[in-house]
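Input: a single structure, listed below in structure tokens.
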Amino acid sequence: MFSDSEIIGRIRQGDKQEFEKLFRSSYASLVRYAKNLIRDHDASEEIVQELFFRLWQDRQGLRIESSLNGYLYRSVHNRALHYLEHQKVVSRHAGEVLAAAEVTAEPVTDAIYYHELQARVTRVLERLPERCRLIFRMNRFEGLKYNEIADKLAVSLKTVEADMGKALKEFRKALAE
């Protein structure tokens, strides 16, 4: 068994087996922790997966001063808080959109349409390939520009543009129905 600094060093050097061991040993407990904070299992899994994705992407610049376990839990905690804050913004925005819309149907019907639309958006997001979904979320939900996304994910600007094009095409197709 390696110390935290040895594990971090091995991951920084690109040791996939060590990274995979860390992932396998931490994943379930980190998902449970996130789920306790946000009460959404799927989103909790996505938060932890995103954390490990970023950890691997940024491994060469990895600087962890505390314990590795503490770092992972703190990262999940921060990401969960960011998720909750984002959910508040989405809910507030949805409320503003509904309030601004002209009342042409019963409020119950509007709520049903809203939930159907939200479910469609979620289904489209789930169908997208992982990188495409990540790029779409970073752009539309986090407000990052294409070049910022390309820098963060270490991909070309053309890749970001192509994945956004795919995502938008899927949304147009799904919402046209």
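Laboratory data are not the source of any read-out in this text; all were calculated from the coordinates shown. It should be emphasised that the depicted structure is a prediction, and the values quoted were computed from it without experimental measurement. Don't worry about glycine lacking a Cβ; one is built from the backbone with ideal geometry, like all the others, and counts go over all protein chains shown.
In the chain, the DSSP-assigned H stretches of four residues or longer account for a calculated mean residue ellipticity at 222 nm of -27000 deg cm²/dmol, using -39500 (n - 2.57) per stretch and the full residue count as denominator. Taken along its three principal axes, the alpha carbon spread of the chain comes to 65, 38, 22 Å, from the longest extent down to the shortest.
Which length gain, in nm to one decimal place, applies between Ala119 and Leu175 when the Cα-Cα distance is subtracted from 0.36 nm times their residue separation? The partial results should precede the final answer.
Values: separation 56, 0.36 × 56 = 20.16 nm, distance 1.10 nm.
Value of the extension gain: 19.1 nm.
Compute the long axis of helix 41-57 from its Cα atoms, compare it with the longest principal axis of the Cα atoms of the chain, and write down the angle in degrees, 0 to 90, nearest 10. Around 50 degrees separate the two axes.
Between Trp56, Ser3, Leu117, the Cα set farthest toward the positive side of the dipole of the range 1-134 (charges on each charged residue's Cβ, about the Cα centre) is that of Ser3. Relative to the longest principal axis of the Cα atoms of the chain, the long axis of helix 107-127 makes an angle of roughly 40 degrees. Charge dipole (Cα centre; +1 on Lys/Arg Cβ, -1 on Asp/Glu Cβ; no other charges) of the range 104-177 amounts to roughly 340 debye.
With all pairs of different C-alpha atoms in the average, the Kirkwood value for the hydrodynamic radius of the range 104-177 is 13.4 Å. Here the relative contact order of the range 1-101, from alpha carbon pairs under 8 Å that lie six or more residues apart, stands at 32 percent.
When the charge dipole of the chain is built from unit charges on Cβ atoms (+1 for Lys and Arg, -1 for Asp and Glu) and taken about the Cα centre, the candidate among Phe141, Leu84, Val155 whose Cα reaches farthest toward its positive end is Val155. In the chain, the longest principal axis of the Cα atoms and the axis of helix 68-100 are about 10 degrees apart.
Taking 31 Å as the limit for the C-alpha separation, the pairs Lys35/Lys158; Lys88/Lys152; Lys21/Lys173 exceed it in the case of Lys35/Lys158; Lys21/Lys173. The mean sequence separation of alpha-carbon pairs under 8 Å and at least six residues apart, normalised by the residue count of the chain, gives a relative contact order of 17 percent. For the range 1-91, the set of trypsin sites (Lys or Arg not before Pro) satisfying both a DSSP loop assignment and a count of at most 16 other C-beta atoms within 10 Å is given as Arg39, Arg63.
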